[in-house]
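Trainee: After the structure tokens below, expect a handful of questions from me.
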Amino acid sequence: MESIANPVKTAKTNKRLLNSLQEAAKKIAPVWPLESFVAVNPYMGMSAQKFDSAAQYLAKVGGIQMTLPISFYKNKLRDGVITKKDIKAALSKLADQEITTNEFLSEIEDTEDQERKDSSINTLIDVASAYSGKDWNRFATSRLSAWAASYFDKGQASWSAADSEMPLFQAWKMEAELDRTPEVSGLKDFRRIIKDLPNDHLEAAAYALNMLELSEDQLPIYLHRILLRLGGWSAYVARLDWDSELYGKKGGQLIEFIAVLLCWEVAIYQSQHSVELEIKWEQAKRAYNSPLAEKVKKQLQRKLILQEAFDLANQREIIEKFKAIEPSSSEKEQQLKAQAIFCIDVRSEVYRRNLENADSSIQTFGFAGFFAFPINFVQIAHEEGAAQCPVLIPSGPTILEEIPDRDLNEEAFSKRVLQHQMGRIWKSFKSGAVSCFSYVSPIGLSYLPKLFTDSFGWSRPVPQPDQAGLGGEYQQNKSISLEVRETEHGTVGIAVEDRIAMAENALRAMSLTEGFAPFVMIVGHGSTSVNNPHATGLDCGACGGRTGESNARVAAAVLNDEAVRKGLKEKNIHIPEETVFLACLHDTTTDEVSIFNEGDVPKEMAEELTDLKSALNTAGRTSRTERSARLDVKENIDKSIIGRSKDWSQVRPEWGLAGCSSFVVANRKRTKSIDLGGKTFLHSYDHQSDKGYSILELIMTAPMVVTSWINLQYYASSVDNQVFGSGNKTLHNVTGGLGVLEGYSGDLRVGLPLQSVHDGEKFQHDPLKLNVIIEAPIEAMNEILKKHPSVKNLVDNNWIHLLAMNEEGKVSHRYRGELNWETV
């Protein structure tokens, strides 16, 4: 067959090559660094395929598992979780031949779990490793990982070995030309081979592919395979391209990274070249066009049917919960003491339910945790801000954290700045090439008392996150300013007309445009843990993997602004003069809620505020008690759960979003009387007030996609933690300040640690695809799906289960694909 790559530079060849590299790059989902570890769908590049087709493809290309072993589903059958009815429904949907339910059950009863199979697709390095008996795969991964950690370092290293200002391919090539390690390890002439490669990444890729003689139909599989071989770093580079393109800049770094991987392939090929290696490489390439082995394919088909049955069993359970609700007469009008707007996060479901039970005069809402205020927030003494918004959208105006009445609070301000600067100096001293040697002996002993108190939980190994700029002792001595002005950070603040527009958009999207209570709480959320590299993964994904405090502060400040309220009246949104918006933060580890702007509450409302805080405390205690069962805490519940937030040996400070399996988009009255077990995202929505269904469109294209990302990240980390998870948390080493290695070397690990989905005995996150239940007309949902093909792919190809709720609050229809629905 014709080779797609040719060293002769022609516009046609280069275009074909670039297209091939771009198509391969699209299959890699991005991963965010530890400072903002947001959830992402690891199958993002596969959503145009059916779920079962993607499972077969990934099993072939990467040996990737998309289900758990058969024994897991057999146990669910024995426990009655999966029924024969579920199996029958799954067979009718997925079986490729006529088979009865009893025949299928008999088949799987006699089927044992197979050992994990590696990919049937081998790269040149795989072939060379098998041929020579030397693990060149591991060696190449180690060298590439060490270089990438240095090149992408985010400040962890004191000295950088690579020039990060240079383009990726050029920086790697410059260092590889000088690196003697490969030659010492047995790769003869490695530096010369690298030096002889073209300096342009596309020319180098063309040269490598020409040497490897891959045909046009083999190339897509081969390129995807080499990316999966170093999947962690590939995903990190994909995130850099994602951010660049989001802000209108040019991407392409992942294409340069592919060129690096190709150059390693050809370098080992040339260094280890022999006639026998050529023959084995030709044999390996023939497997690219071969289907999965029949035995492997049949086993996978059975597991996919069982997974579908498991999904249907879970779907049946939540449908029954809505069905069990008795139709109620018109709700009694009750004077509200407060309204609380929480993030849609599944952990908020537990707290909201317990808060409403603690005081029935408190009404709760669910909304994306950035509260429609996509800001760039700069903390005091920081040079750069952080995007406090979902990664799907660019950040908006820059807001500075400030000390109010600077002249009166100069001491507090100076303390904050000094603390930040001294922290940087102290870190530099501890890790300096010279000072670190003299640091350990004289200073080390002084740490003994703190080591003792930290170990017994009497103190924290690191400062409370609150005291690092997120609240705590500084809460009363910091604020934000909305005024537009020029600073060293550029233009900051929000103009009045923009505040009015943002406030209107937020309130309408929250379905809160009338009936305001005296207190309206804007409740962001964050978590508290120590010695936890993935701590930001427990924070708010809608805030870019950060706490929602700054968004809550900005939202409350805008909605308390007299000019904004005056502007909202012209939009027919009348907020009573006595209504106060409170900026709050829900700590999901301890279930404690903080209020940041109590100073905005008039003195005559002090008693009402005390009552509200009492209800919050009651809800916190009840929520901790409810969560204690999953955390296996039986005694001193409050003390034990709060203690987990400062225990540096604790690998599970909380369960995060483990268990997430549903997303309900409806009025709160539909779910208020249901215990959803902290496994359901809840978004408030009233379709009757949504003229033109613009809010529904926003929900289906943003929160629905984000909740799917979260669900599929947990799913993938459960079914194949080796590829899509980050392994054993106790073995993690932070590298480059941006990710973790499992052990001292290897690829960057992506996804969640095993301890985040498994308690040591059983899964705390059962792999279940997301059920999205929306109370809205089917015709409106179909129109939105037609308008957004990427969202339609998710539901058409079985990555999300979409269901419709009727006017009685029952789940009435199930989406079947291609804009067709069936009655439930």
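Trainee: What are the semi-axes of the equivalent ellipsoid for segment 138-222, taken as the square roots of 5 times the Cα gyration tensor eigenvalues, largest first, in whole Å? Show your work: numbers first, answer last.
Mentor: Values: eigenvalues 124, 53, 36 Å².
Computed over segment 138-222, the values are 25, 16, 13 Å.
Trainee: Mind checking the per residue accessible area of the chain for me, 1.4 Å probe, whole number of Å²? Please list the in-between numbers first.
Mentor: Working: 36670 Å² over 824 residues.
With all protein chains present, the chain gives 44 Å² per residue.
Trainee: How big is the dipole moment of segment 586-713 about its Cα centre under a simple scheme where the beta carbon of each Lys and Arg is +1, that of each Asp and Glu is -1, and everything else is neutral? Debye, nearest 20, please.
Mentor: 540
Trainee: Using +1 at the Cβ of each Lys and Arg and -1 at the Cβ of each Asp and Glu in the chain, identify which of S673, M781, V296 lies farthest towards the dipole's positive end.
Mentor: V296
Trainee: Under 8 Å for C-alpha pairs, at least 6 residues apart: give me the relative contact order for segment 43-155, rounded to a whole percent. Don't jump to the answer; show the numbers that get you there.
Mentor: Working: 52 pairs, mean separation 31.9, N = 113.
Relative contact order for segment 43-155 comes out at 28 percent.
Trainee: For segment 722-789, compute the orientation-averaged projected area of the C-alpha convex hull (one quarter of its surface), in nm². Kindly include the intermediate steps, with their values, before the conclusion.
Mentor: Details: hull surface 31.2 nm².
With every direction weighted equally, the projected area is 7.8 nm².
Trainee: Run the accessible area of segment 510-563 with a 1.4 Å probe and give the carbon-and-sulfur part as a rounded percent.
Mentor: Within segment 510-563, the accessible surface is 44 percent carbon and sulfur.
Trainee: Right, something else. Can you give me the relative contact order of the chain as a percent, contacts being Cα pairs under 8 Å and 6 or more apart?
Mentor: On the way: 1363 pairs, mean separation 136.6, N = 824.
Relative contact order comes out at 17 percent.
Trainee: For segment 609-768, what % of the accessible area comes from carbon and sulfur atoms, probe 1.4 Å?
Mentor: Roughly 49 percent of what the probe reaches on segment 609-768 is carbon or sulfur.
Trainee: For the chain, build the convex hull from the C-alpha positions and give me its volume per residue in Å³.
Mentor: About 189 Å³ per residue, rounded to a whole number.
Trainee: Would you mind computing, in nm to one decimal, how far apart the modelled labels at S694 and A293 are, each placed 7 Å from Cα along Cα→Cβ?
Mentor: Result: 5.8 nm between the two label points.
Trainee: Could you tell me the calculated FRET efficiency between K323 and S360, based on Cβ-Cβ distance and R0 = 22 angstrom, to the nearest 0.05?
Mentor: On the way: r = 25 Å, r/R0 = 1.12.
Between K323 and S360 the formula returns 0.35.
Trainee: Contact order normalised by length for segment 314-402, with contacts defined as Cα pairs under 8 Å and 6 or more residues apart; what percent is it? Show your work: numbers first, answer last.
Mentor: Numbers: 102 pairs, mean separation 19.0, N = 89.
Relative contact order for segment 314-402 comes out at 21 percent.
Trainee: Continuing with the same structure: Determine, from the Cβ-Cβ distance of R78 and A606 and an R0 of 41 Å, the FRET efficiency 1/(1 + (r/R0)^6), rounded to the nearest 0.05.
Mentor: Details: r = 58 Å, r/R0 = 1.42.
Once rounded, the FRET efficiency stands at 0.10.
Trainee: Another question about this same structure. Cα-based Rg (one decimal) and Dmax (whole number) for segment 503-608, in Å?
Mentor: In Å, with Rg to one decimal and Dmax whole: 15.5, 51.
Trainee: For the chain, build the charge dipole from Cβ charges (+1 Lys, Arg; -1 Asp, Glu) around the Cα centre, then report which of I399, G541, L748 sits farthest towards its positive end.
Mentor: Checking the options against the dipole of the chain, the answer is L748.
Trainee: Cα centroid distance between segment 361-380 and segment 503-575, in Å?
Mentor: Centre-to-centre distance over Cα atoms comes out at 3 Å.
Trainee: Also, I was wondering about something else. For the pair D632 and S446, how long in nm is the line joining their label points, each one 7 Å along Cα→Cβ?
Mentor: Calculated label separation equals 4.0 nm.
Trainee: Could you size up the charge dipole of the chain around its Cα centre, putting +1 on the beta carbon of Lys and Arg and -1 on that of Asp and Glu, and report it in debye to the nearest 20?
Mentor: The dipole of the chain has a size of about 1580 debye.
Trainee: Considering all projection directions equally, how large on average is the shadow of the alpha-carbon convex hull of segment 200-323, in square nanometres?
Mentor: Numbers: hull surface 50.6 nm².
Orientation-averaged projected area of the Cα hull: 12.7 nm².
Trainee: Given q = 0.10, 0.14 Å⁻¹, what are the Debye log10 I(q)/I(0) values for segment 680-824, with equal point scatterers placed on the Cα positions and solvent ignored?
Mentor: Once normalised to I(0) and log-transformed, intensities are -0.46, -0.75.
Trainee: With charges set only on the Cβ (+1 for Lys and Arg, -1 for Asp and Glu), what does the dipole of segment 230-302 come to about its Cα centre, in debye to the nearest 20? Walk me through the intermediate numbers first.
Mentor: Values: 10 positive and 9 negative charges, 103 e Å.
Once rounded to the nearest 20, the dipole reads 500 debye.
Trainee: Rounded to a whole number, what % of the accessible area of segment 73-136 do carbon and sulfur atoms account for, probe 1.4 Å? Before the final figure, lay out the partial values.
Mentor: Values: 1680 of 3900 Å².
Roughly 43 percent of what the probe reaches on segment 73-136 is carbon or sulfur.
The values are calculated or read from the model by the stated rules, or taken from the named source; none is laboratory data. Because the structure is predicted, anything quoted here is derived from the model rather than measured. Ideal geometry is used to build each Cβ from the backbone, glycine not excepted, and the neighbour counts take in all protein chains shown. For accessibility, only protein heavy atoms count, side chains too; no ligands or nucleic acids. Shrake-Rupley method; radii C 1.70, N 1.55, O 1.52, S 1.80 Å.
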